[in-house]
Amino acid sequence: MNTSINQDINQNNQQQSLFRSRDPLHLTIGLLFITTILVTIGNLIFAESSAFHVSDYTVSLLGKYLCYALLALAVDLVWGYCGILSLGHGAFFTLGGYAMGMYLMRQIGDRGVYGNPDLPDFMVFLNWTELPWFWAGSNSVIWMVCMVFLGPGLLAFIFGSLAFRSRVSGVYLSIMTQAMTYALMLAFFRNEMGFGGNNGLTDFKEIFGFSLQSPSTKLGLFIATAIALALAYCACHFIVKSKMGRVVTAIRDSESRVRFVGYKPEHYKVWIFVVSAMLAGLAGALYVPQVGIINPGEFSPLNSIEMVIWVAVGGRNSLYGAIIGAIIVSYAKTRFTAIMPEAWLFALGGLFVLVTLLLPKGIAGLLPSIKQKFANTADSVEAKS
Amino acid sequence: MTANKAGSPLTAHENIVPDTRHGVILYVEDVNLSFDGFKALNNLNLYINDGELRCLIGANGAGKTTLMDVITGKIRPDTGKVNFGQQIDLLQLDESEIARAGIGRKFQKPTVFEELSVFENIELSLKGDKGIWTALFHKLSGEQEDRIGEILHTIGLVAECHYPAGRLSHGQKQWLEIGMLLAAEPRVLLVDEPVAGMTGQETERTAELLTSLAGEHSVVVVEHDMAFVRSIARKVSVLHQGSVLAEGTMSEIQANPDVIRVYLGEEQG
Amino acid sequence: MHRIYLLLLLIFISGQSAALQPDSDTQSNSQLSGLLNQLPKTKLRKMAPLIEKISQTKQPQTRAILQFMLDGELYYLRANKQVVHAQSTENNLYELTDVLTQESLTPVKKSRLSKVKTNNRLRSTLRNILAKIDLTDDDKQIRLQAVQQLLSSPSKQSAAIITELIDDETDQDVRALMATTLALQQLKSGSSDEKLIALEQLSGSLEPTVKNEIVSLLENLPNKDLTAEQQILKSQLTNALDEIDNRASFYSAIETVFFGLSLGSVLLLAAIGLAITFGVMGVINMAHGEMIMLGAYTTYVIQLAFPSMIEYSLLIAVPAAFLVSGFVGILIERGVIRFLKGRPLETLLATFGISLVLQQLVRTIFSPLNRQVVSPEWMSGSWQINPIFSLTYNRLYIILFSIFVFVSLLMILKKTSLGLHVRAVSQNRDMARALSIKSDWVDAITFGLGSGIAGVAGVVLSQLTNVGPNLGQAYIIDSFLVVVFGGVGNLWGTLVAAMSLGLTNKFLEPLTGSVLANIIVLVGLVLFIQKRPKGLFPQKGRSAD
């Protein structure tokens, strides 16, 4: 009797580890750390002719991928853990990017085409004589850092409070988030908005006094992104492992039941939505100096959808899955668009269909079942002997 | 910060203990509710005394579950008054505030958090601060762990404590939900069809548990299983077409001509 | 019919004489030919009576000849004095047409031609004669046009002609316009009293010339030291102007309503298919916009395949687009959506993927550039109700068509067994299955129906916007918002939502510009849905959630 119960519990534990993928915090952070070190060494120490050399281009590309990974983490936090499918995370990403872009724009100073020390080129072009009020302070680093978090955070707070309080959820919420980013795109395309209209913000010269063209700045940005990703991963891990994470998972499973237990799901949802939006904003802010431009096209609903597919491919409900997904899909995109650009949308579209139909838990969901298979074969071997 | 607002502390209402000096803990007065012309609740009046165990019976569509929905804040009635103690107006509170004020509910269809383990299901239900910041930095105290162990023991799910709740059998889910209810330590327990899907032995244990809870807690049970009702009930209210048809002990009810006509008559005839 | 007359008129004016009826009245014809022969010989002084005589021949060619003369395109050959219509071509040669027979002659150099002489006075006579010819034409439209012409450049002479003809005019509209012209002339050059009388008559006239005249009269009045007479005139003028402005703003409001309704109809067409798939079936289909796009491309392909049948292309395209999009819809339902039942977010993602694939497919087959879809003749033009207010036919037809689609869909759902099955399955799938309704089959057909209607919407959109791979994307969010705004599962709600959105958009547009109007409507909708998540007309009851 007793032994059978013990067996039960053992089986339980095994099933549980299958059931809920664990987040290997140390492994992920370790891998990230090693990659960063290797890339740095490859870029700085090995000569260009060496097989181990990592080109500046690759460093920038990797930096971009890490931004995407950070963004995927943000999407995973709300979608994978809280069940909020946001099709508007591109909006938070882009707002963060614009906050950084405004700062970089002001750093150009009088080196612009029109040589105006106070006004960015596009304002001179529009015959504006002074900075609009919302550009005030944009040349201060502190202001920029605040805006990177506050802009997306505030939007998420307002939108989330309204939506979650009136209990809009599921597909409705997804479509409304999409409408939100769509409306922002239309708005930012207008010159009158004061964010450079169609062309957005570009032609940046330097960041914190370092030239954006120099390879060392590029490497620095890459390392900064890696650190940001590691910190964000730790933060997400902490949230997910805390009681907060369990409440949020419970909300995903059955929001109304959570209410009857005494929690206010709308507060939790707003909170996690805001945190996620801030992470997305941070990703955007790190992204802009590495690609050198931010424009309203980033608000396009397609971008936001692409973020969701990163998470779907990597496996929602697992933090490292989001990172894997973002990097794999982005890498595929880079390759595809280089070799045959037309095929990319076919591939992306196909990915959506295949992943949802065949791989609902993503790559991260695949790993434990492979492990399980190995374990099973081992078991059967053992049983035979 | 923005999020600070979202993590609301206990509301003022919760710090007020329901005033039960008149012996009544739940007042439901003149409640009306209609869905597209169908009167689900019709001038319903019901008073639950502090510490009593009350059974609600009635045919399907008599308004039992709707009444629970109204008390727990899931549905707002068109008119009427629902008070917790003398002074707490439940119609002003939402579901979570009502739950924290001390009214717990077990659903007709067992609803547990399927992806969480049995242990975690109970942990989330424990009485205490349900705000965001507490949740973020929460550590289980030894006392709380003991309490969870105790509950697990009561509901007989010690062995399954790390099982994901979604894998439990129907009867086990019923028990788990009762366990979640216990963990919240409510003043009033609303229990909707607790023994559906349970074996005879389990039914007996449930009856035992519910009777033992009465006194310290007030318990309202909705049940179709007349044998079960007979075994636990001291006072029974019969609901019919959205209002209370009769109230009294089981034998009084069984003798009531109205009840025989509309309810028991149907069942026995 | 009207347009054919207009066309004829155009042909006359531009001098590209088309085939005319064979002439039976040979006597008048020979008379005309005799008069024409005199043209080269007659001196300028004696030209006027000759022209008068020519005009009285009333031959089919007469009007054209006089018009040529007015335009300075009437020549005669130096060699044989043959009167011809000549137009210079690129290589210094002149293309010749005999004015009597409409026969083309060999082009000649300028040196072999002489112009039939005219001068200013003759030209003004010619103009009056031409006006008179048009004003006495049998066709009402030509008469109206002629009066309009005189109204736009009022003069004493034109007033004289009209006074001469007005009593014989039988048609109400033409008479009214003639009276307006006379009154305008009176307002322009009459005495003060006459001006006041004219103003009374003109008050409320919507002719732009009238308004211009009143404005210029007001401007010409001195600012200070008005005589009593001028004072009265000024107040009368101001009143008349106000009256005109009031009526004009009334009509412009009606016009905005019309534009709003036509935009609403487009939204309705785009959303109504979604109201079926999303509203009734509860399936979220992000590829709905691409169903619309496929419909638009079907129209394009049909026009490409039958270039000679542009006039009928839309009539063929409507059923064809319905079938194409419907078929693709059924494929999607069978191939993907049915495996994702009860998982709305996954359905959303998968169908979004399908939408990407469809877009790229179209891009690969038809190129990423916009394709040109031609509007048939009967879709263009407009219905002129008064001088400042007209309804364009394409918008009018679209409103009617969308109502037609809406009503037929309502009928399908309410009166047919398919509709009954659809409603049964959407309300209680298990129960319906227990009643041996093939729920799978119903799902596929319903989805096909919704997608097919989206295809029909595409045909309509091809008449309004550019047909390109992104056509559908622009409508997907709007469509969803319309359905949600109206209340899911409620077709009437969709109708009300689409129309009110269309109207709101068009009324905001003049205030804010179209992009901002779009944004305001979008934000407004998002806020509304957050306030009332179940839309304008929610379904109530315990089972609703």
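How would B:Asp50, C:Asp245 line up from fewest to most surrounding beta-carbon atoms within 10 angstrom? Mind dumping the intermediate values first?
Working: B:Asp50 19, C:Asp245 11.
With the fewest neighbours first, B:Asp50, C:Asp245 line up as C:Asp245, B:Asp50.
I'd like the mean, over residues of C:329-339, of how many other protein chain beta carbons sit within 10 Å of each residue's own Cβ.
Numbers: counts 0, 0, 0, 1, 0, 0, 2, 5, 0, 0, 3.
Per residue, the average neighbour count from other chains is 1.
The calculated 222 nm mean residue ellipticity attributable to helices in chain A amounts to -24500 deg cm²/dmol, summing -39500 (n - 2.57) over DSSP H runs of n ≥ 4 and dividing by all residues. Fully extending the segment from C:Leu516 to C:Asp242 would add 95.5 nm, taking 0.36 nm per residue of separation and subtracting the current Cα-Cα distance. Global size of chain C: 32.3, 101 Å for Rg and Dmax (C-alpha atoms, Rg to one decimal, Dmax whole).
Remark: spin-label model distance B:Gln87-A:Val141 equals 5.6 nm, labels positioned 7 Å along the Cα→Cβ axis.
Straight Cα distances below 18 angstrom link C:Lys341 to the lysines A:Lys361, C:Lys438, with same-chain residues fewer than 8 positions distant left out.
Taking 56 Å as R0, compute the FRET efficiency from the Cβ-Cβ separation of A:Ser300 and B:Glu252 and round it to 0.05. Display every interim value, and only then the final one.
Details: r = 71 Å, r/R0 = 1.26.
The formula returns an efficiency of 0.20 here.
Taking the Cα centre of the stretch A:23-376 as origin and assigning +1 to Lys and Arg Cβ atoms and -1 to Asp and Glu Cβ atoms, the resulting dipole is close to 1460 debye. Excluding same-chain neighbours fewer than eight residues apart, the lysines reachable from A:Lys218 by a Cα-Cα span under 29 Å are A:Lys64, A:Lys205, A:Lys333.
Stretching the chain fully between C:Gln149 and C:Asn220 yields a gain of 23.1 nm (0.36 nm per residue, less the alpha carbon separation). Taking the charge dipole of the stretch C:199-295 about its Cα centre, with +1 at Lys and Arg Cβ atoms and -1 at Asp and Glu Cβ atoms, the residue from C:Leu206, C:Leu241, C:Phe258 reaching farthest to the positive side is C:Phe258.
Under 1.5 on a/c is rounded, so check that first for the stretch C:63-198, then, if it is not, pick prolate when a/b is larger than b/c and oblate when it is not; a ≥ b ≥ c are the square roots of the alpha carbon gyration tensor eigenvalues. Judged from the Cα gyration tensor, the stretch C:63-198 comes out prolate (a/c at least 1.5, a/b above b/c). Over the stretch B:131-182, the fraction of Cα-Cα pairs per 5 Å bin, rounded to whole percents and listed from the shortest bin up, is 5, 18, 24, 21, 17, 12, 3. Exceeding 21 Å between C-alpha atoms, which entries from my cross-link table qualify? They are C:Lys81/C:Lys109; B:Lys74/B:Lys109; C:Lys41/C:Lys110; A:Lys241/B:Lys130; C:Lys58/C:Lys140; B:Lys130/B:Lys173. Table pairs above 21 Å Cα-Cα are B:Lys130/B:Lys173. Peptide packing: for A:345-356, B:129-140, the average count of neighbouring Cβ atoms within 10 Å per residue gives the ranking A:345-356, B:129-140, highest mean first. Considering every alpha-carbon pair of the stretch C:387-526, the percent of pairs per 5 Å bin, from zero through the bin containing the longest distance, is 2, 8, 13, 18, 19, 15, 10, 7, 4, 2, 1, 0, 0. Could you work out the pair-distance distribution P(r) of the stretch C:179-275 from its alpha-carbon pairs, with 5 angstrom bin width and percents rounded to whole numbers? Result returned by the calculation: 3, 12, 19, 17, 11, 8, 6, 5, 5, 5, 4, 3, 2, 1.
How many partner chain Cβ atoms sit within 10 Å of a residue's Cβ in peptide A:349-360, on average, as a whole number? Write out the running numbers ahead of the final one.
Working: counts 12, 4, 3, 13, 12, 3, 4, 13, 7, 1, 0, 3.
For peptide A:349-360, the averaged partner shielding equals 6.
Given a cut-off of under 8 Å on Cα pairs at least six residues apart, what relative contact order in percent is computed for the stretch B:2-268?
Details: 475 pairs, mean separation 68.9, N = 267.
Relative contact order, the stretch B:2-268: 26 percent.
Dipole magnitude for the stretch C:27-123: about 640 debye, using +1 per Lys or Arg Cβ and -1 per Asp or Glu Cβ, origin at the Cα centre.
Taking every alpha-carbon pair under 8 Å whose residues sit at least 6 apart, chain C reaches a relative contact order of 15 percent. Taken over the alpha carbons of the stretch B:2-268 as equal point scatterers, the Debye sum produces base-10 log I(q)/I(0) values at 0.08, 0.11, 0.14 Å⁻¹ of -0.33, -0.64, -1.03.
The label point for C:Gln102 and the one for C:Tyr393, both projected 7 Å from the Cα toward the Cβ, are 2.4 nm apart. The calculated FRET efficiency for the pair C:Ile365 and A:Leu366, based on their C-beta separation and a Förster distance of 30 Å, comes to about 0.30. Normalised by residue count, the stretch B:97-243 yields a Cα convex hull volume of 128 Å³ per residue.
The distance between label points at C:Arg532 and C:Leu400 comes to 3.4 nm (points 7 Å beyond Cα on the Cα→Cβ vector). Given Cα pairs under 8 Å that are at least 6 residues apart, what percent is the relative contact order of the stretch A:23-376? Result for the stretch A:23-376 is 32 percent. Which Cα, out of C:Phe306, A:Phe336, C:Ser124, lies furthest along the positive dipole direction of the protein assembly as shown (beta carbon charges, K/R +1, D/E -1)? Going by the charge dipole, the pick is C:Ser124.
Within the stretch A:313-340, whose backbone N sits under 16 Å from a point 7 Å along Cα→Cβ of A:Leu358? Residues A:313-315 fall inside that zone.
Jot down the per residue volume, in cubic angstrom and as a whole number, of the convex hull over the alpha-carbon atoms of the stretch A:246-320.
Working: hull volume 8.8 nm³, N = 75.
Taking only Cα atoms, the stretch A:246-320 has a hull volume of 118 Å³ per residue.
Sorted on the mean count of surrounding Cβ atoms within 10 Å across their residues, most packed first, peptides C:469-481, C:452-464 read C:452-464, C:469-481. What is the list of residues in the stretch C:246-286 whose amide nitrogen lies under 17 Å from a point 7 angstrom out from the Cα of C:Arg343, following Cα to Cβ? Once the point is set 7 Å along Cα→Cβ of C:Arg343, C:283-286 turn out to lie under 17 Å by backbone N, inside the stretch C:246-286. Of the two radii for the protein assembly as shown, the radius of gyration is 1.10 times the Kirkwood radius, both from the alpha carbons; that is the Rg over Rh value.
Calculate the translational D of chain A in whole µm² s⁻¹ from Stokes-Einstein, where the hydrodynamic radius comes from the Kirkwood formula applied to all Cα pairs, the temperature is 37 °C and the viscosity 0.692 mPa s.
146
Once backbone amide H atoms are built at 1.01 Å from N, B:Val244 has B:Asn45 as its partners under 5 Å, excluding neighbours fewer than 5 places away on the same chain.
Given a Förster distance of 45 Å, report the FRET efficiency between B:Gln108 and A:Ala235 from their Cβ-Cβ distance, rounded to the nearest 0.05.
Values: r = 40 Å, r/R0 = 0.89.
Calculated transfer efficiency: 0.65.
Taken over the stretch C:27-123, the ratio of Cα radius of gyration to 2.2 N^0.38 Å equals 1.03.
Provide a whole-number value for the mean count of partner chain Cβ atoms within 10 Å of the Cβ atoms in peptide C:526-536.
On the way: counts 10, 4, 0, 9, 12, 4, 2, 8, 2, 1, 0.
Shielding by partners across C:526-536 averages 5.
When you count, for each residue, the other Cβ atoms within 10 Å and take the mean per peptide, how do A:194-205, C:502-513 rank with the highest first?
Numbers: A:194-205: 18.9, C:502-513: 16.5.
Taking the mean over residues of other Cβ atoms within 10 Å, the ranking is A:194-205, C:502-513.
Stretching C:Ala160 away from C:Lys81 to a fully extended chain increases their span by 24.9 nm, per 0.36 nm per residue minus the current alpha-carbon distance. Summary of the geometry: the stretch C:439-490 and the stretch A:272-333, compared by the centres of their Cα atoms, lie 29 Å apart.
Taken together, the values in this text are just the output of simple stated rules run on the coordinates, not laboratory data. It should be emphasised that the depicted structure is a prediction, and the values quoted were computed from it without experimental measurement. Cβ sites come from the backbone with ideal geometry, for glycine too, and all protein chains shown count toward neighbours.
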